[in-house]
Amino acid sequence: MKNLPKEKRERLILVGVVTIIAVIAIYYCLIKTQQSSASAIAKTIAEQKNKVGSGERLIAACSDIKKNVELANQKLTSIEETMASGDMYAWVIQTVGKFGLERKVEIPQFSREVTTDVGILPKFPYKAAVFNVRGTAYYHDLGKFLADFENSFPYARVQNIEMEPSGSSAANGAADAEKLAFRLEIVALINSNAR
């Protein structure tokens, strides 16, 4: 470069500086904006792939969801078949009375039902019937009866249990002295859809 005249040297330096400025301008104006645009497009593509994957998983689960709904409807129908309907007094005598006899619990007294609304949820499709029940049983038999009853009848619950010695006379024997007299309320949902 020392052999070149001063004017050519300055022009060559000027061309070099302009070239560097042009390359920098091209990089920032064209390449950098294209890279930003490409990264935004790549991000959008990744988001769309995630949405498609979620949609495919939901579509694949649709048949399982339908099966679960059908099973739940079948289970509800089978439960509704055993729910109180029609003559409530006859239902409580047949259902609870038989259930008690199978578990060595004597239940000679059933009250007529008192029908109430169930205030658990708005627009709840069932009403409730409350029955007062009195009987006698040994402590362990009564406990087994209560546990089995609430497990066997998911639509019913026992509340307000009162127990006291049955007051058996000595003529009935010492074994009857261990019996309890009980009073309780059974709250059962009423199947209004019964045919």
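The values are calculated or read from the model by the stated rules, or taken from the named source; none is laboratory data. These figures come from a predicted structure and were not determined experimentally. When we count neighbours, we look across all protein chains shown, and the Cβ atoms used for this are built from the backbone with ideal geometry, even at glycine. Accessible surface areas use protein heavy atoms only, side chains included; no ligands, DNA or RNA. Shrake-Rupley method; radii C 1.70, N 1.55, O 1.52, S 1.80 Å.
Table for the structure above
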{"quantity": "Residues being of a type in the set (D, E, K, R) and outside any helix (DSSP H, G or I) - total across segment 91-105", "calculated": "2"}
{"quantity": "Of residues in segment 83-126 being under 14 Å from Phe153 (Cβ atoms) and under 28 Å from the mean Cα position of the chain (by Cα), the one surrounded by the fewest Cβ atoms within 10 Å (Cβ to Cβ)", "calculated": "Ser85"}
{"quantity": "Filtered residues of segment 138-165 (kept if open to solvent by 80 Å² or more (accessible area, probe 1.4 Å) and touching a residue at least 12 places away in the same chain (Cβ under 8 Å))", "calculated": "Tyr139, Lys144, Pro154, Arg157, Asn160, Glu162, Met163, Glu164, Pro165"}
{"quantity": "Segment 136-178, residues that are at pLDDT 85 or above, more than 30 Å from the chain's Cα centre (by Cα) and not aromatic (Phe, Trp, Tyr)", "calculated": "Thr136, Ala137, His140, Asp141, Leu142, Glu162, Met163, Glu164, Pro165"}
{"quantity": "Tally of residues being touching a residue at least 60 places away in the same chain (Cβ under 8 Å) and either part of a loop (DSSP other than H, G, I, E, B) or aromatic (Phe, Trp, Tyr) (or both) across segment 78-90", "calculated": "3"}
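Results for (1) open to solvent by less than 90 Å² (accessible area, probe 1.4 Å); (2) outside any helix (DSSP H, G or I); (3) closer than 30 Å to Ala129 by Cα; (4) touching a residue at least 24 places away in the same chain (Cβ under 8 Å), shown as yes or no for each residue.
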position: Ser39; (1), (2), (3), (4): yes, no, no, no
position: Lys66; (1), (2), (3), (4): no, no, no, no
position: Val69; (1), (2), (3), (4): yes, no, yes, no
position: Leu76; (1), (2), (3), (4): yes, no, yes, no
